[in-house]
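Below: one structure, written as structure tokens.
The values are calculated or read from the model by the stated rules, or taken from the named source; none is laboratory data. Everything numeric in this text was worked out from a predicted model, so none of it was measured. Cβ: placed from backbone, ideal geometry, glycine included. Neighbour counts: every protein chain shown. Surface accessibility is based on the protein's heavy atoms, side chains included, excluding ligands, DNA and RNA. Shrake-Rupley method; radii C 1.70, N 1.55, O 1.52, S 1.80 Å.
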Amino acid sequence: MAAASSAYAGFSMRPWRSSRSQKLRKSSALSVSAQQAEVEQTETKLETESTTTKQPGMTTPRPAEKQVNVQSKNMGKEYGGQWLSSTTRHVRIFAAYIDPETCEFDQTQMDKLTLILDPTDEFVWTDETCTKVYSYFQELVDHYEGAPLTEYTLRLIGSDIEHYIRKLLFQGEIKYNMDARVLNFSMGKPRVGFSYDGQLPDAY
Amino acid sequence: MQGRLSAWLVKHAIIHRSLGFDYQGIETLQIKPEDWHSIAVILYVYGYNYLRSQCAYDVAPGGLLASVYHLTRIEYGVDQPEEVCIKVFASRRNPRIPSVFWVWKSVDFQERESYDMLGISYDNHPRLKRILMPESWIGWPLRKDYISPNFYEIQDAH
């Protein structure tokens with residue numbers, strides 16, 4: 001499991017750990033070094049080009065281009081099976097490129113962050129709400145630019161996205177999926193009248 | 001009332017301060033960080049061959065950090081071994097204390113834990129790195145002014 005193995009990753013003494021403290025770099029047309037890009041995907045839909053309508057104040061997500069013939073790299077036992085990740089129930093962030101269809105995990109492309117949103121389908125997601133989360137993810141990555149690429153930073157980003165999802169839930173924009181396999185209302189039990197305008201329905 | 005070890009140290013003109021006795025009757029001394037590595041060797045030669053435990057704590061918010069060493073003399077046929085407790089206070093800005101790894105080996109992991117939790121860096125420790133928290137953690141968790149980051153899974157997970 002990703003969460004368990006990344007906890008053990010911190011204790012190994014492999015020599016290539018020293019090359020992992022890279023900085024997150026912003027993509028720009030002038031830089032010749034590797035550009036920072038993000039790939040967002042859910043388990044049910046493929047990420048398409050960003051044809052979403054831009055809402056005022058929201059940054060558009062800049063997904064990485066699709067790559068063909070992606071192979072899983074650096075995942076074997078000789079690399080210790082380590083990867084930089086932050087995993088919670090709804091948000092999984094990996095510092096790698098993961099192919100959307102085949103789920104090949106390319107660990108060598110550490111300049112990209114992949115976000116997997118709600119793989120257990122606890123909420124009902126629409127295109128619009130997904131795009132909101134992706135643009136928030138984009139904002140966070142731009143905000144954290146320059147920070148060291150460690151699991152601590154990825155966990156901070158993941159926690160911020162989880163708080164954002166909770167905010168969306170309280171505003172009523174997403175709701176619990178009642179056909180989920182595990183229905184335990186992990187972001188709070190449903191309450192009556194929380195997002196109403198304060199007027200309770202009359203009791204007859 | 002001064003303990004036996006304190007009287008002996010005074011006789012040999014070693015600068016220390018006696019902090020009295022704790023509830024079990026173990027005398028407690030305070031040693032300065034710059035003298036600590038030489039006094040550790042002196043105590044080892046005196047006979048304290050077993051470091052029972054090393055711990056550290058934060059004295060006060062904005063105050064000093066303390067590193068505590070509990071030493072005993074292990075020998076045959078003794079019912080009540082001699083014990084002493086040494087406290088070394090380090091400033092919060094740049095907490096550096098000489099490591100006594102080369103005197104008592106068992107202090108290895110314990111000093112790493114004090115480093116991990118409070119940020120006291122031990123000079124000449126062979127592998128001083130975090131032992132309990134993940135390697136990339138920022139901050140010293142057991143300090144009194146540490147604020148835990150707002151990680152989702154810690155606060156709200158069901």
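A few remarks follow.
- Charge dipole (debye, nearest 20) of region B:2-142; +1 at Cβ of Lys and Arg, -1 at Cβ of Asp and Glu: 360
- Taking every protein chain into account, the accessible area of region B:2-142 amounts to 52 square angstrom per residue (probe 1.4 Å).
- Size descriptors for region B:2-142: radius of gyration and Dmax over Cα atoms are 15.3, 48 Å.
- Rounded to the nearest 10 Å², the accessible area of residue B:107 at probe 1.4 Å: 0
- For region A:130-144, Karplus couplings with θ = phi - 60° (6.51, -1.76, 1.60), whole Hz, Gly/Pro x: 4, 5, 4, 5, 5, 6, 5, 4, 4, 4, 5, 5, 5, 5, 8
- Applying the Karplus relation 6.51 cos²θ - 1.76 cosθ + 1.60 with θ = phi - 60° to region A:115-128 yields 3J(HN,Hα) values of 10, 10, 9, 6, x, 8, 6, 7, 10, 9, 10, 10, 4, 5 Hz, where x marks Gly and Pro.
- Size of region B:1-68 as Cα extents on the principal axes (Å, biggest first): 36, 26, 24
- Of all stretches in chain B that contain no trypsin sites (Lys or Arg not before Pro) in a DSSP loop with at most 11 other Cβ atoms within 10 Å, the longest one is B:1-92.
- The H on the amide N of residue B:30, modeled in the peptide plane, is under 5 Å from the matching H of B:17, B:18, B:19, B:87, each at least 5 residues off or on a different chain.
- Legend: residue pairs A:112/B:129; B:11/B:129; A:132/A:189; A:73/A:175; A:73/B:144; A:66/B:129, Cα-Cα distance threshold 32 Å; pairs beyond threshold, B:11/B:129; A:73/A:175; A:73/B:144; A:66/B:129.
- Long-range amide H partners of residue A:58 with built H, under 5 Å: none
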